[in-house]
1. Of GLN80, GLN116, which residue is more than 24 Å from ALA223 (Cα to Cα) and under 20 Å from the mean Cα position of the chain (by Cα)?
2. Would you pick out the residues in region 161-170 that are crowded, with 17+ Cβ neighbours inside 10 Å and either among the β-branched types (Val, Ile, Thr) or at pLDDT 95 or above (or both)?
3. Suppose we filter region 175-230 for residues that are part of a loop (DSSP other than H, G, I, E, B) and either more than 20 Å from ILE7 (Cα to Cα) or not aliphatic (A, V, I, L, M) (or both); how many remain?
4. In region 79-93, which residues are under 11 Å from ALA147 (Cα atoms), crowded, with 17+ Cβ neighbours inside 10 Å and not aromatic (Phe, Trp, Tyr)?
5. Looking at LEU96, LEU158, LEU154 in this structure, which one is in contact with a Gly (Cβ under 9 Å, 6 or more places away or on another chain), open to solvent by less than 20 Å² (accessible area, probe 1.4 Å), closer than 22 Å to VAL24 by Cβ and outside any loop (DSSP other than H, G, I, E, B)?
6. Within region 99-120, which residues are part of a loop (DSSP other than H, G, I, E, B) and either open to solvent by 80 Å² or more (accessible area, probe 1.4 Å) or closer than 24 Å to GLU171 by Cβ (or both)?
7. Could you tell me how many of the residues in region 50-93 are of a type in the set (Asp, Glu) and either more than 22 Å from THR13 (Cα to Cα) or touching a Gly at 6+ places or on another chain (Cβ under 8 Å) (or both)?
8. Criterion first (among the β-branched types (Val, Ile, Thr) and part of a loop (DSSP other than H, G, I, E, B)) does VAL129 satisfy it?
Amino acid sequence: MDRRTLIRRTWGTDPSFPPSWKTVFLLGQAANNRTQNKYLEAEGATYKDIIRGSQNEHYYNLTLKTQMGLEWAARYCDFQFLLKTDDDVFINPFNLVEYLQKPDTRQRNLYMGRCQHRSAVRRWGKNGVSLEKYDKSLYPPYCNGPAYVLSSDLVVKLVELLDVKKTFQNEDVYVGMLIEKIGGPVPMHHPGFRIRSCEHFEGTFSVHGGLNYYCRKKLFDEAVKERMKN
């Protein structure tokens with residue numbers, strides 16, 4: 001809950017009227033923990049920003065949660081772009097929204113993030129995949145899971161392909177696979193999606209990788225200061 005609280009107090013809330021973005025949290029079930037599930041129900045009732053699925057909270061269920069988020073957005077939201085991000089990532093909403101609102105930013109067929117175009121398949125470790133599950137040596141192009149943007153038309157197309165029985169354990173690769181199935185677009189790599197830095201850089205959209213609470217708070221405070229100067 002600490003991560004969600006920080007997000008609500010920083011980049012997750014849009015103070016403008018009307019707001020440009022809305023933040024929701026995708027959660028599963030706390031396996032064999034009724035007390036934790038009751039706390040999550042109470043938190044959801046208080047903040048009204050939690051979407052919960054029936055799957056248990058587990059690293060290998062991230063794909064199911066991503067599917068849930070895409071389906072929920074396509075069904076219930078009127079939006080132009082969807083940002084999927086992890087709760088330990090810093091987002092600079094001011095820079096990102098400003099970029100997405102530019103007239104020369106692609107409004108359709110946008111799949112943008114910190115992208116991989118010839119990523120080798122690992123056969124070991126947490127993200128290891130067996131030959132039985134995936135027999136190619138390279139993954140299709142995809143954007144890294146900590147933060148990526150999809151235009152609304154792509155979200156609708158991807159939802160039509162979702163199948164909870166035929167997923168892939170690496171959720172970011174899974175989205176890339178779905179994008180490939182619909183014939184593109186090629187993932188757009190943008191330098192605004194940064195990694196492992198607690199220093200403020202102009203033009204940052206997101207930062208992930210080893211950021212503690214104070215670093216994410218610091219980055220947001222500096223983003224607000226930059227916004228007030230402009």
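1. Just a single option satisfies the conditions, and that option is GLN116.
2. The answer is THR167, and nothing else.
3. 23
4. If we filter region 79-93 for residues that are under 11 Å from ALA147 (Cα atoms), which is where we start, we get 82-91.
Still in the running and crowded, with 17+ Cβ neighbours inside 10 Å: 82-85, 89-91.
If the condition is that a residue be under 11 Å from ALA147 (Cα atoms), crowded, with 17+ Cβ neighbours inside 10 Å and not aromatic (Phe, Trp, Tyr), then LEU82, LEU83, LYS84, THR85, VAL89, ILE91 are the ones that fit.
5. LEU96
6. Scanning region 99-120 gives GLN101, LYS102, PRO103, ASP104, ARG106, ARG108, ASN109, LEU110, HIS117, ARG118, SER119.
7. Qualifying residue count, region 50-93: 3.
8. Here the answer is yes, as VAL129 does meet what is asked.
The values are calculated or read from the model by the stated rules, or taken from the named source; none is laboratory data. What you see is a predicted model; the values in this text were computed from it and never measured. Here Cβ is always computed from backbone atoms with ideal geometry, including for glycine, and neighbour counts include all displayed protein chains. Only protein heavy atoms, including side chains, enter the accessible area calculation; ligands, DNA and RNA are left aside. Shrake-Rupley method; radii C 1.70, N 1.55, O 1.52, S 1.80 Å.
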